[in-house]
Amino acid sequence: MNFDFSDEQKLLRQQARRFLTEKCPAAIVRRVIERRASFDETLWWQLAEQGWLGLAIPTEYGGSGLGYLELCVAAEELGRVLAPIPLSSSIYLCAEALLMAGTEAQKSRYLPELAAGSLIGTLAFAEGYGFPAERTVSAEVRGGKIFGIKWPVADGNSAHIAVVLAGTSEGSSGLFLCDLRQATVVREALETVDASRAQARLRFNGAICEPLGMEATWAGFYRLVERGVVLYAFEQIGGADACLSMAVDYARERKAFGRLIGSFQAIKHRLADLYVRNELARANTYYSAWALSVDAPELPLAAAAARVSAIDAFEYAARESLHVHGGMGFTWEMNCHLFYRRSRQLAVNLGSAALWKRRIASLLERQI
Amino acid sequence: MDFRDSVEESIFRSEARAWFERMAARFDLATHPGMTFEEQLRLGREFQAEKAAAGYAKPEWSHAHGGRDASAVESVICAEEERRFTFPNKFFAIGLGMPIPIMRRYASAADRERFLGPALRGEEIWCQLFSEPTAGSDLGAVRLRADRNGDKWILNGQKIWTSWAHVADFGTILARSDPSLPKHAGLTFFYVDMKTPGISVRQINQMSGAREFCEVFFTDVRIPDTNRLGEVNGGWRVTVDTLMEERFTLQDPTYGAPPLTVAMKFLRDNVSSEGATGLDDGALRERFAEWYCIEQGLRNIYARMVTALSRGSVPGPEAALTKLVLASKVQAYSAAMIDANGPAGVITVDKEMPGSAGCFCDVWLQSAGMRIAGGTDEILRNTIAERVLLLPAEIRTDKNVAFSDL
């Protein structure tokens, strides 16, 4: 048994961290927020050039073919700096959908450009408030065309293609591939609490589409989401770790009542609890990475546990780190709120903690 | 990264599994209901002897010393396989966990020869005499005196919370040898024969009904200087080493509480709650999911520690972190299971069915102590904050003052 990344993977992590520390300081994130840009193009092309997008895409489709563990390592570093780019939508979700279920023709057509960064993809599944169920999906495919409204769609404005959850003629629902550059797709930017990750509403007025793979199935959608949450969990633990560092650094500098605030037990114990949650999340997230990399039968439970733990850890870390910073933490200029916002966004993007806890309970119940 | 057993580990595991399964026929307490304490202890000694003969008593030790040369991962595998049954091993766990490794590190060759074998074989039981009425979390403030008298030391004082002292043959003990020095500087570590005149043991009545913790009184107890472990006034160092050993011990990740799926099954099949099954409660299902995430997280943290150990690293704060999380989780979990059973939840006698309220009542009572023993929640948080996060140490007003002036 070996619970750790390999030396090569750790080296990749080191390089990634160094690169992003330099190329993605908070100023980059703020620029996207303040200019209401969709994403930072410079950073996008730098990462594309270095092969980050194709880490888990096989070489025959233009990727570097390293694997999921490498992609997970990259995801954590991207999360640590709140990278304001559509990588997650394009790679964790769109490219992954193709790899998981696409036909050979679909894979050859889209993966190379997704790996190169010249194509941006996303997943469009939500239809307003809540989370879809198999038989409640409103968007539908009739005669090879999608009709309906999807919102919010992460990176919906920048994406060129999307994997869309829509109802099938059989009364079920599944994933369809759609080129968003058709005139029948109308896009509208949506303002959210985390302006560093653009969201949009997409109206499909009879956009031409094809089933992803041989057949669009609900199970296919769920499987994709399960895989996606593992990668997002890495972004979340990266963010949570950054929050812990910030809080510890501040507690070791700031003084009150004649001594460092980090010497007061209220602060110490709070940060110890933060550390503990981070460690639990990291442990569950690593395990889910393994399960993903070997497609283990444990993946559904592992992914769910990773998501719940990572949501919990990042959410707690972001708010308590901000809290430790006192009044300063509440200012626009300090970076605390950037993590606070991102933690909330990642807590909901693929189903809330409550949803995933229900899933865990159901999966456990099947074991009785 | 790989969570499955390697080929070698699989082979090791099947061997261990087969062995423990063979032993279960004779030694599994589940098949011996209603045994008295003495019967359990006798059975325990027999089992320990079997373990020692097969190299499973301390698998990580070399073959020459009674082990199996097991790696860190293999030791974990042994513990996992043993835990599949309810073996009578509780009497030896502490002794083999901390005092014996310390004897192995600090005792003379003659003493190692004399003591290690019998301990491994269950012929002799060891206890650890650390805490005192005024020194629990503040272990460095122990007062039990060790006064030098020629080639002997005379011990006077009291220890408390000593597990199994009433059946122990020997114990390791931390004593104050020089109160004129600051507290950590005037301590000396010894081992003591529990039959030495002047030692008396009294079991403590724990709230759970169990009585394995004891008070131990020392009145002019004379021990030879050859019983000393480490330097005169160097006892704190040995204590720290002992506490480090604790980091290697494998926690039972359930603290004896029934597994989640067992509890869920009981709720579904035996509990009716306002017309629905006990498992239909959304709030309760959510808590099961949360407890699952904790259990998985702790399992994986342990796996990470084992991986680090197998690469020659020293364990970090995993044991402290695990205990901090687990003790509270078990308290919350057992309380919630009692609650889910309605008014009948507090009935203690119904323990036959796995996952029934009676099982949880015991655990719930024990859990209050689990958050205190072996490092209170607050001490563990301090440890994490100071040693891992490197936050400023607690302001200590007693560090450089002579102990006698405190």
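Only the coordinates and a few stated rules stand behind these numbers; no lab work does. Every value quoted in this text rests on a predicted model; they were computed, and no experiment measured them. Here Cβ is always computed from backbone atoms with ideal geometry, including for glycine, and neighbour counts include all displayed protein chains.
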Per 5 Å bin from zero, what fraction in whole % of the C-alpha pairs of segment B:7-88 is there, up to the bin with the longest pair?
3, 16, 25, 24, 17, 10, 5, 2, 0
Give me the inter-chain shielding for A:244-251: mean count of other chain Cβ atoms within 10 Å, whole number please.
2
Considering only segment A:121-216, percent of DSSP beta bridges that pair antiparallel, nearest 5:
80
Distance in nm between A:Glu191 and A:Arg36 label points, each 7 Å along Cα→Cβ, equals 0.7
Rounded if a/c is under 1.5, else prolate if a/b is larger than b/c, else oblate: which is segment A:191-304, with a ≥ b ≥ c the root eigenvalues of its Cα gyration tensor?
oblate
Taking chain A as the reference, fit the longest principal axis to its C-alpha atoms, fit the long axis of helix A:68-80 to the helix C-alpha atoms, and give the angle between the two in degrees, 0 to 90, nearest 10.
50
Give the shape of the protein assembly as shown as rounded, prolate or oblate, defined through the alpha-carbon gyration tensor: a ≥ b ≥ c are the square roots of its eigenvalues, a/c under 1.5 means rounded, and otherwise the shape is prolate if a/b is larger than b/c and oblate if not.
prolate
About its Cα centre, chain B carries a charge dipole, from +1 on Lys and Arg Cβ atoms and -1 on Asp and Glu Cβ atoms, whose size in debye to the nearest 20 is 700
By how many degrees, between 0 and 90 and to the nearest 10, does the Cα long axis of helix A:353-366 differ from the longest principal axis of chain A?
70
Please give the contour-minus-distance gain from A:Tyr129 to A:Arg18: 0.36 nm per residue of separation, less the Cα-Cα distance, rounded to one decimal in nm.
36.1 nm
Here the whole-number average of other chain Cβ atoms within 10 Å per Cβ of A:309-320 is 1
Given the candidates B:Phe360, B:Ala319, B:Ala332, the one whose Cα lies deepest towards the positive end of the charge dipole of segment B:251-388, counting +1 at each Lys or Arg C-beta and -1 at each Asp or Glu C-beta, is B:Ala319
If I stretch the segment between A:Gln50 and A:Ala354 completely, what's the gain in nm (0.36 nm per residue apart, minus their alpha carbon distance), one decimal?
105.7 nm
Picking from A:Ile120, A:Leu364, A:Ala251, whose Cα lies most toward the positive end of the charge dipole for chain A (charges on Cβ: Lys, Arg +1; Asp, Glu -1)?
A:Ala251
Looking only at other chains, what is the average number of their beta-carbon atoms within 10 angstrom of each beta-carbon in B:299-310?
5
GNM on chain A, Cα springs under 10 Å; top mean-square fluctuation among A:Phe221, A:Phe257, A:Phe39 goes to A:Phe257
Whole Å is fine, so just give me how far the alpha carbon centre of segment B:175-236 lies from that of segment A:253-330.
41
Might you list the cysteines of chain A that have no disulfide-compatible partner by the rule of another cysteine's Cβ under 4.7 Å?
A:Cys24, A:Cys72, A:Cys94, A:Cys243, A:Cys336
What's the extension gain from B:Val349 to B:Asp2 if we count 0.36 nm per residue and subtract their Cα-Cα distance?
120.6 nm
What net charge do the residues around A:Leu299 carry, taking every other residue with its C-beta under 10 Å from that of A:Leu299, with Lys and Arg at +1 and Asp and Glu at -1?
-1
I need the Debye-formula profile for chain B: one equal scatterer per C-alpha, no solvent, reported as log10 I(q)/I(0) at q = 0.07, 0.09, 0.13 1/Å, two decimals.
-0.37, -0.61, -1.27
Would you calculate the separation in nanometres between label points at B:Arg211 and A:Leu11, each defined as 7 Å from the Cα along the Cα-to-beta-carbon direction?
6.4
Quick one: which of A:233-239, B:399-405 comes out on top by average Cβ neighbours within 10 Å, and what's the full order, highest first?
A:233-239, B:399-405
In what sequence, highest mean first, do B:28-37, B:330-339, B:367-376, A:16-25 appear when ranked by Cβ atoms within 10 angstrom?
B:330-339, B:367-376, A:16-25, B:28-37
Using only the Cα atoms of chain A, what do you get for the radius of gyration and for Dmax, in Å?
20.4, 74
When the dipole is taken about the Cα centre of segment A:1-49, and only Lys, Arg (+1) and Asp, Glu (-1) are charged at their Cβ, what size is it in debye, to the nearest 20?
300
Once the Cβ-Cβ distance between B:Thr134 and B:Leu390 is put in as r, and R0 is 25 Å, what FRET efficiency do you end up with, to the nearest 0.05?
0.25
With r as the distance between the Cβ atoms of A:Glu60 and A:Gln182 and R0 = 25 Å, compute the FRET efficiency 1/(1 + (r/R0)^6) and round to 0.05.
0.30
Sorting B:Val262, B:Leu391, B:Asn156 by the position of each Cα along the dipole of chain B (Lys, Arg +1; Asp, Glu -1; all at Cβ), the one nearest the positive end of that ordering is B:Asn156
Relative to the longest principal axis of the C-alpha atoms of chain A, give the angle of the C-alpha long axis of helix A:265-293, reported between 0 and 90° and rounded to the nearest 10°.
30
Rounded to whole Å, give me the distance from the Cα center of segment A:1-69 to that of segment A:167-242.
21
With a ≥ b ≥ c the root eigenvalues of the C-alpha gyration tensor of segment A:7-116, is it rounded (a/c under 1.5), prolate (a/b larger than b/c) or oblate?
oblate
Grab the DSSP H runs of the protein assembly as shown that are 4 residues or longer, score each as -39,500 (n - 2.57), total them, divide by all residues and round the 222 nm result to the nearest 500 deg cm²/dmol.
-15500 deg cm²/dmol
Given +1 on the Cβ of Lys and Arg, -1 on the Cβ of Asp and Glu, and no further charges, what dipole in debye does the protein assembly as shown carry about its Cα centre, rounded to the nearest 20?
1340
Suppose each label sits 7 Å from its Cα in the direction of the beta carbon; what would the B:Ser108-B:Ala141 distance come out to in nanometres?
3.7
Axial C-alpha extent at least 27 Å, average Kyte-Doolittle at least -1.0 - helices from chain B (DSSP):
B:7-27, B:282-310, B:318-340
